[in-house]
Amino acid sequence: MFSAVDRSRWIWNTFGFLFLIPLAVLAVQSVALRWFFPQLIPAEWQLEMTFDVLNRNEVRSALWTSTVIAAMATAVSLLVGLPAAWVLATKRLPGRSVIIGLLVSPQLLPPLTASMGLNISFLKVGISGGLIPVVIAHLVPVLPFVIGIASVTFSRLEQGYILVGRGLGLRPVEVWRRIIWPLSRMGIGLAAYVGFVISWSQYLLTLFVGGGRVVSLPMLVLSSGSGSNLSLFSALAFLMSIVPIGLFLLVRRGPQGV
Amino acid sequence: MSDVTIDAVGYRYERGGGDVLADVSLEVSSGELLCVLGTSGSGKSTLLHLLTGLFEPSKGRILVDDKPMSGVPSHKRQIILLSQKALLFPFTSVEGNVAFSPRLRGQSKRERARRVAELLDLVGLSGFESRMPNELSGGEAQRVALARALAADPTVLLMDEPFSNLDTPIRSELQGVFRELHERQKLTTMFVTHQLDEAMALGDRVACLVDGRIEMVDTPVDVYQRPSTTGAAHLVGVEHWLEGEWHGLRFSGPWGTVEVDEEPTDSGCVVAARPEHVNVTASTAKGLDGIQGVIADLRYRGAHFDVTVELLDGSCLRTQTAVNESHAVGDSVSVSASPGAWFPLRKSDTEGT
């Protein structure tokens, strides 16, 4: 019989393995020249094209654009979302469910409809076709997740800690810095990570609102996918995946909170 | 050490509802341990939160060392509240928790270490410095919370049923630790509890809080033996009283007559006696001139039986009998007590006399 620890380890290893399969296939495919079914490993390998990917200007530019957009969208959503999540989690708020409903409502539409609708709205107010409009557009899918995760984190936080901190002589802002932050940094880190990944993965919103002038990594991946170079497509897709994975490991290795 | 004056304080929630606290006046002398005894919902915790600054009184004022607390932010009051939950910071060790306040005040590492060792010794946890909060038992966590509070050098310590989540032996042990610590530190303390034994064991004085009103403040012995109101009597285990009319020091009703050796404060006063001072005898016994009744309820309490006797007019009296006395529900009995055992009780305001 498995012990509880063995069982847990076994489950996590299985999940890890399943998670890594597509990534491993992408990694292998990105250095394969000829790899056809039912070959278990590629018949011919190449490295030149893969390493060349990072040196391409359009790839570097797209990588930078995606990073900037996702970082800005995450930062803005944390700036706006954390106070909102705090209020939602800790205060009695009239119309609380209406606010949550409004935040979530764009997620209920098909992405194409939501993206086009958003683009038309942006065009009407004359803010389309640049990096900032794209960042603003990304807030629509990012904010609900940031607020949702942060709100759960804050609602699990024992409010008595605030009183303890005040009693020990901390001003309200110090209570945040010295008590609430260390207690909730894990949850806030997770909210930031999820926000970043959602923005990082946006294709339609960037395409529509960016008006073709803003080229992000997902756009490059998808356009390369329509070509015949499977290795280039795999290398870009792999590149697109390792950034969030690296971030995830960073968040996971961060100091533990509640 | 500071004096605390709570002067005619009232509090009601902004969102409406009745008074949570009404006209509460209390004096806590410097170095005194005042226990506030009250049932759940009587306003005990609210009273403490008015002192911490979490709430502002709707009426009246609070003074610490004659300085009004109105408008003084919580972090400047030097008033610390310890609640049922220890709320240790899980991200730091026992030492980090206790040294939290000294570090804020800029004490050197050496000074902090000395203070932490001193306080942990005081609460009986020497050598626990490097433990993490999740490695502590509930009792140990409360001791660390107490040490952390003392490290902040508060002028007033507030305790909101801090031991109520603990098992009885640990609670009793911590009460001892706390009482001893109070004797040494003489820190002005308000300790709220709903547990009679805790209030009796800890308080220099006990204040009875009934439905947001202070009904009595006196020494534990006087509160226990001679509660002055029906509300205070309820809190100290006197749950029944007799209704009737006063004729000097005699009090009569349909149930009979008793002699009382204390003047009633007003004609509306009722009469009660502590259960352990009331005797119950089988009514067939001769030579007894007591109040007649029937045993309505009998409960085994280990050291004694709690006996509820229903009198002729339907009112009840609670008594205690030895475990070797044999009574049964439905037995006709005679109830008596010495004149000194009966005392007058003013009806609580909330009873709408």
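Kirkwood analysis of the Cα pair distances in the range A:166-208 returns a hydrodynamic radius of 12.7 Å. In order along the range B:224-229, the Karplus-derived 3J(HN,Hα) couplings, from 6.51 cos²θ - 1.76 cosθ + 1.60 at θ = phi - 60°, round to 6, 7, 9, x, 9, 10 Hz, and Gly and Pro are given as x.
Here the 3J(HN,Hα) profile of the range B:317-332, calculated from phi with Karplus coefficients 6.51, -1.76 and 1.60 at θ = phi - 60°, is 9, 9, 9, 10, 10, 5, 5, 8, 7, 9, 10, 9, 4, x, 5, 7 Hz, Gly and Pro shown as x. Working note: 222 nm ellipticity from helices only, DSSP H runs with n ≥ 4, each -39,500 (n - 2.57), summed and divided by the residues of the protein assembly as shown, gives -14500 deg cm²/dmol to the nearest 500.
Contact-buried residues of the range B:59-93, at a threshold of 50 Å² lost accessible area versus the chain by itself: B:His75, B:Leu87, B:Phe89, B:Phe91 (1.4 Å probe; DNA, RNA and ligands ignored). Restricted to Cα atoms, the range A:137-213 shows a radius of gyration and a Dmax of 17.0, 56 angstrom.
Taking the 1.4 Å solvent-accessible surface of chain A as the whole, the part contributed by carbon and sulfur is 70%.
Rolling a 1.4 Å probe over the protein heavy atoms gives the range A:94-246 an accessible area of 45 Å² per residue. These residues, B:His247, A:His138, go from largest to smallest accessible area, 1.4 Å probe, as B:His247, A:His138. Sorted largest first, the spans of the alpha carbon positions of chain A along the three principal axes are 69, 64, 31 Å. Across the range B:242-353, what fraction of all alpha-carbon pairs, as a whole percent, falls in each successive 10 Å bin from zero upward? For the range B:242-353, the pair-distance distribution reads 15, 44, 31, 10, 0. Sorting B:Glu243, B:Glu32, A:Glu158 by accessible area puts them as B:Glu243, A:Glu158, B:Glu32; the probe is 1.4 Å, largest comes first, and only protein heavy atoms count. Can you compute the modelled spin-label distance between B:Leu249 and B:Met132, with each label point 7 Å from Cα toward Cβ, in nm? Simple spin-label model gives 6.8 nm for this pair.
Apolar share of the accessible surface for chain B: 47 percent from carbon plus sulfur atoms, 1.4 Å probe. Summary value for chain B: 16 percent relative contact order, contacts being C-alpha pairs under 8 angstrom separated by 6+ residues.
Run a plain Debye calculation on the range A:112-240 (Cα atoms as equal point scatterers, no solvent) and give log10 I(q)/I(0) at q = 0.11, 0.12, 0.18 Å⁻¹, rounded to two decimals, same order as the q list. Cα-only, vacuum Debye calculation for the range A:112-240: -0.58, -0.64, -0.95. Among residues other than B:Ser2 with Cβ under 13 Å from its Cβ, the summed charge is -3 (Lys and Arg +1, Asp and Glu -1). Mark the label point 7 Å from the Cα of A:Arg252 along Cα→Cβ and return the residues of the range A:162-192 whose backbone N is within less than 20 Å of it. Counting only backbone N, you get A:185-192. For the set A:Arg213, B:Arg346, B:Arg12, the ranking by accessible area, highest first and with no ligand, DNA or RNA atoms included, is A:Arg213, B:Arg12, B:Arg346 under a 1.4 Å probe. Accessible surface calculations at 1.4 Å, restricted to protein heavy atoms, place the range B:143-191 at 33 Å² per residue.
Overall shape of the protein assembly as shown was characterised from the C-alpha gyration tensor. The equivalent ellipsoid obtained from it has semi-axes of 70, 27, 26 Å, in decreasing order. Across the range B:76-84, coupling constants 3J(HN,Hα) worked out from phi with the 6.51/-1.76/1.60 Karplus curve, θ = phi - 60°, read 9, 7, 6, 10, 10, 10, 10, 10, 4 Hz, and Gly and Pro carry x. Inverting the pair-averaged 1/r between distinct Cα atoms of the range A:141-185 gives 11.3 Å as its Kirkwood hydrodynamic radius. Note on the range B:199-272: along the principal axes its Cα atoms extend 39, 24, 19 Å, ordered by decreasing extent.
Magnitude of the charge dipole for the range B:55-159, about its Cα centre and with charges confined to Cβ atoms of Lys, Arg (+1) and Asp, Glu (-1), is about 320 debye.
Pairs exceeding a 32 Å alpha-carbon distance, out of B:Lys67/B:Lys347; A:Lys91/B:Lys186; B:Lys67/B:Lys109; B:Lys67/B:Lys186; B:Lys76/B:Lys109; A:Lys91/B:Lys347: B:Lys67/B:Lys347; A:Lys91/B:Lys186; B:Lys67/B:Lys109; A:Lys91/B:Lys347.
The heavy atoms of B:Leu298 offer some 50 square angstrom of accessible surface to a 1.4 angstrom probe. By how many degrees, 0 to 90 and rounded to 10, does the Cα axis of helix B:109-122 deviate from the longest principal axis of chain B? So the inclination is approximately 20 degrees. Within the set of other residues whose C-beta is less than 12 Å from the C-beta of B:Phe91, count the net charge using Lys and Arg as +1 and Asp and Glu as -1. Summing Lys/Arg as +1 and Asp/Glu as -1 gives +2.
Compare each residue of the range A:167-198 in its chain alone against the assembly with all protein chains, and report those whose accessible area goes down by 20 Å² or more; 1.4 Å probe, heavy atoms. Residues passing the criterion (a loss of at least 20 Å², heavy atoms only) are A:Gly167, A:Leu168, A:Gly169, A:Leu170, A:Arg171, A:Arg178, A:Ile179, A:Pro182, A:Leu183. With Rh defined as the Kirkwood radius, the inverse of the mean 1/r over Cα pairs, the Rg/Rh of chain B is 1.06. Here the Kirkwood formula, the inverse mean of 1/r across different C-alpha pairs, assigns the range A:186-227 a hydrodynamic radius of 11.4 Å.
Remark on B:Arg213: its backbone amide H falls under 5 Å from those of B:Ala22, a criterion applied only to residues 5 or more positions apart or on other chains, H modelled at 1.01 Å from N. Remark: accessible area buried at the B-A interface is about 1700 Å², both chains counted, probe radius 1.4 Å. Computed over neighbours whose Cβ is under 12 Å from that of A:Arg166, the net charge equals +3, Lys and Arg +1, Asp and Glu -1.
The values are calculated or read from the model by the stated rules, or taken from the named source; none is laboratory data. Computed from a predicted model, the values in this text were never measured in an experiment. Please note: Cβ atoms are built from the backbone with ideal geometry, for glycine as well, and neighbour counts cover all protein chains shown. Surface accessibility is based on the protein's heavy atoms, side chains included, excluding ligands, DNA and RNA. Shrake-Rupley method; radii C 1.70, N 1.55, O 1.52, S 1.80 Å.
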